[in-house]
Amino acid sequence: MSATIETASSDFSNEDFMTNPSLAMDACFTAFDKDGDDRLSLAEFALICRALFRNDKGHIYVVPSERLDEMFAVFDKNEDGYIDRDEFQFCWNQWIKTIVRPISAYLIVDVQNDFISGSLNISNCSAQQNGLEVIDPINKLLDTVDFDSVFYSLDWHPSDHVSFIDNIKQRPIHPTSPLNADNAQVYDTVIFAGPPPMKQRLWPRHCVQDSWGSELHKDLKIVDQGIKVYKGTNPEVDSYSVFWDNKKLSDTTLCGQLRMKGATDIYVCGLAYDVCVGATAIDALSAGYRTILIDDCCRGVDVNDIESTKQTVISNNGVIINSREVKAMVEGRDRRPELGYKLAMELKNADSDLSKNNACRRQSQPQQDRPQ
């Protein structure tokens, strides 16, 4: 690779990138405009991606050609086969700047007593994983990584919650349900009559509001500016995701908090991998966020369901990493092409949370650095 590209790639992490954004934008455009025609071809855009998508050890991530084409098309607004300087301003402000200087939220899901040693201790489930093992790596990240915001979710159920097996006779069962109130057991799925009819997996009574089981584990570090988000408070609807209840009838406070923080990247971990953690990661992706699942900071219920969760996250352009990789990614020194592709596709969708957040960031930029 040429010295020019090497220099440009290092400049993506240079302090001048943020302190003199207009100069950095012009320098980047000029560095990659190899033929000097004041526009960027697909081949020149590919060189930008080669410089952009790499880690802090110099490893270059390969971008598949079809994804390169799709990303290029997002910024080639007039579809003339080139990215001119005006189009590059959009590319720079909405895409490159987010990739290099993401705003990262750390979302710690349901690290509560009942899931670790209480009534729904996940070590008693089929995967036989120990929920206590997530606490040390989660705490280490809190101690060593400068996240822009930290959230703790809590399952927070009323005593008459629909998911508790000992409440099954409080609601009529639909005729199509494979099981009835007399033969259903823990972890089975029944269909309540509603209306509308509703599938419900049955769990032991757990995380009842203000009980010991609902408390965050005593060894989990709680940072001063951490924000607690409560879910599962509606007795008639279960809520695995920290974003929405299972029927998408209502959201939690998380959506608004992330928008207020201007978050672009969400790092998800906790309990249980294939239930609340997985549902949260999938909803984060659906909302348009660049989503990173921290594998060694999660433990789950069922091995097959855990693998299914991983595949769903990956297939929706999320990334699964180990906690030792988090710091470089949060600091913009390890830049993954999957997340760059996710962002580019979201920029086509003006209604996504990520596009709205980027628009807010754009409004706060100096006038000379904005697209005209």
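The values are calculated or read from the model by the stated rules, or taken from the named source; none is laboratory data. Only a predicted model underlies this, so the values are computations on that prediction, with no experimental measurement involved. Positions of Cβ are backbone-derived with ideal geometry, glycine not excepted, and every protein chain shown enters the neighbour counts. Just the protein is used for accessible areas: all its heavy atoms, side chains included, with ligands, DNA and RNA removed. Shrake-Rupley method; radii C 1.70, N 1.55, O 1.52, S 1.80 Å.
Just one of GLY36, GLY81, GLY118, GLY58 is small (Gly, Ala, Ser) and touching a helix residue (DSSP H, G or I) at 6+ places or on another chain (Cβ under 6 Å); which is it?
Numbers: GLY36 fails: touching a helix residue (DSSP H, G or I) at 6+ places or on another chain (Cβ under 6 Å); GLY81 fails: touching a helix residue (DSSP H, G or I) at 6+ places or on another chain (Cβ under 6 Å); GLY58 fails: touching a helix residue (DSSP H, G or I) at 6+ places or on another chain (Cβ under 6 Å).
Answer to the check: GLY118.
Conditions tested, residue by residue: (1) over 13 Å from the mean Cα position of the chain (by Cα); (2) more than 22 Å from GLY340 (Cα to Cα).
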residue: LEU254; (1), (2): no, yes
residue: LEU258; (1), (2): no, no
residue: GLY262; (1), (2): yes, no
residue: ILE266; (1), (2): no, no
residue: LEU271; (1), (2): yes, yes
residue: ALA284; (1), (2): no, no
residue: GLY300; (1), (2): yes, yes
residue: GLU307; (1), (2): yes, yes
residue: VAL313; (1), (2): no, no
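Within region 319-328, can one find any residue that is open to solvent by less than 10 Å² (accessible area, probe 1.4 Å), small (Gly, Ala, Ser) and within 15 Å of the chain's Cα centre (by Cα)?
no
Inspect all residues belonging to region 152-168 and state whether any of them is under 30 Å from ASP35 (Cβ atoms) and in a strand (DSSP E or B).
Initial filter on region 152-168 (under 30 Å from ASP35 (Cβ atoms)): none.
No, the conditions are met nowhere in region 152-168.
Could you tell me which residue of region 332-352 is least open to solvent (accessible area, probe 1.4 Å), considering only residues that are among the acidic types (Asp, Glu) and farther than 15 Å from LEU52 by Cβ?
To start, the set of residues in region 332-352 that are among the acidic types (Asp, Glu) comprises 334, 338, 346, 351.
The next check asks that each one be farther than 15 Å from LEU52 by Cβ; those that pass are 346, 351.
Numbers: GLU346: 23, ASP351: 120 Å².
Taking the candidates together, the pick is GLU346.
Taking PRO204 as the residue in question, decide whether it is within 25 Å of PRO172 (Cβ to Cβ), of a type outside the set (A, V, I, L, M, F, W, C) and either open to solvent by 30 Å² or more (accessible area, probe 1.4 Å) or touching a strand residue (DSSP E or B) at 6+ places or on another chain (Cβ under 6 Å) (or both).
Working: within 25 Å of PRO172 (Cβ to Cβ): yes; of a type outside the set (A, V, I, L, M, F, W, C): yes; either open to solvent by 30 Å² or more (accessible area, probe 1.4 Å) or touching a strand residue (DSSP E or B) at 6+ places or on another chain (Cβ under 6 Å) (or both): no.
Answer is no for this residue.
From (1) touching a strand residue (DSSP E or B) at 6+ places or on another chain (Cβ under 9 Å); (2) on the phi > 0 side of the Ramachandran plot; (3) not charged (D, E, K, R), pick out the condition that doesn't hold for SER159.
(2)
So which pairs qualify, if the first residue must be in region 47-60 and under 22 Å from THR30 (Cβ atoms) and assigned to a loop (DSSP other than H, G, I, E, B), the second must be open to solvent by less than 10 Å² (accessible area, probe 1.4 Å) and small (Gly, Ala, Ser), the Cβ gap must be under 8 Å, and the two must be at least 6 apart or on different chains?
That search, which allows pairs on different chains as well, returns PHE53/GLY340.
Return the residues of region 67-118 that are among the β-branched types (Val, Ile, Thr) and part of a loop (DSSP other than H, G, I, E, B); say none if nothing qualifies. It would help to see each step written out before you state the result.
From region 67-118, those among the β-branched types (Val, Ile, Thr) are 74, 83, 96, 98-100, 103, 108-109, 111, 116; that's our starting set.
Within region 67-118, ILE103, VAL111 qualify.
Return the only residue of PHE72, PHE32 being under 16 Å from LEU347 (Cα atoms) and surrounded by 20 or more Cβ atoms within 10 Å (Cβ to Cβ). Break it down into steps so the answer makes sense when it comes.
Working: PHE32 fails: under 16 Å from LEU347 (Cα atoms).
Among PHE72, PHE32, only PHE72 is under 16 Å from LEU347 (Cα atoms) and surrounded by 20 or more Cβ atoms within 10 Å (Cβ to Cβ).
Could you tell me how many of the residues in region 159-185 are open to solvent by less than 20 Å² (accessible area, probe 1.4 Å) and touching a residue at least 60 places away in the same chain (Cβ under 8 Å)?
Residues that pass the stated criteria total 3.
Condition first: open to solvent by 40 Å² or more (accessible area, probe 1.4 Å) and touching a residue at least 24 places away in the same chain (Cβ under 8 Å). Can you find one or more residues in region 75-84 that meet it?
Pass one, region 75-84, residues open to solvent by 40 Å² or more (accessible area, probe 1.4 Å): 77-80, 82, 84.
Retained after the next criterion (residues that are touching a residue at least 24 places away in the same chain (Cβ under 8 Å)): 82, 84.
Yes - at least one qualifying residue is present in region 75-84.
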